[in-house]
Amino acid sequence: MSANKSRTKLVRSLRSGQVTIPAEFRRELGIEDDSLLQITLDEGELRIRPVHLRETPEAGSLKALYAYFAPVRDEAREQGLTEGEIEDAIDRAVAAVRARHD
């Protein structure tokens, strides 16, 4: 089926806002368990697209950095923090570091 042809499926939002992407859509887009997804809110619509990282030194470094901090994320979850709270904390930390270097 053509990637340009619009198709629609209805899905139910689960606890914490999780949704399931239908298997046929995941297969067609090459989305796997460890895939990164870009989610955009635009004019009242969510758009989700897979982000395929190329293996460059920078991409490898980002993957290594993410893996390095995985235990910290796990500990934060064990302490009851949600993914959103963890992401907000990361965003604040990045902004603070950037502000010091500007």
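The numbers here are math on the coordinates, done by the rules we state, and not lab data. Remember, predicted model here, so these are calculated numbers, not experimental data. Here the Cβ positions follow ideal geometry from the backbone for every residue, glycine too, while neighbour counts run over all protein chains shown.
What FRET efficiency would be calculated for the residue pair residue 85, residue 25, taking the C-beta separation as r and a Förster radius of 22 Å, to the nearest 0.05?
According to the calculation, E is roughly 0.15.
Using the Cα gyration tensor of region 57-101, with a ≥ b ≥ c the square roots of its eigenvalues, what is the shape: rounded (a/c below 1.5), prolate (a/b larger than b/c) or oblate (neither)?
Oblate, since a/c reaches 1.5 and b/c is not below a/b.
Counting only whole DSSP H helices of the chain, the ones at least 18 Å long by C-alpha along their axis and with mean Kyte-Doolittle hydropathy no lower than -1.0 are 83-101. Computed from the C-beta positions of residue 43 and residue 10, the FRET efficiency with R₀ = 30 Å rounds to 0.90. Of the options [x] 58; [y] 68; [z] 77, only one is percent of Cα pairs over 15 Å apart as computed from these coordinates, and that is [z]. Net charge dipole, the chain: roughly 400 debye, given to the nearest 20, about the Cα centre with Cβ charges of +1 for Lys and Arg and -1 for Asp and Glu. Charged neighbours of residue 40, selected by a Cβ distance under 15 Å, balance to -1 (K, R count +1; D, E count -1). Shown in residue order for region 13-24 are the 3J(HN,Hα) couplings computed by the Karplus curve 6.51 cos²θ - 1.76 cosθ + 1.60 at θ = phi - 60°: 6, 9, 3, 6, x, 6, 10, 9, 7, x, 4, 5 Hz (x for Gly and Pro).
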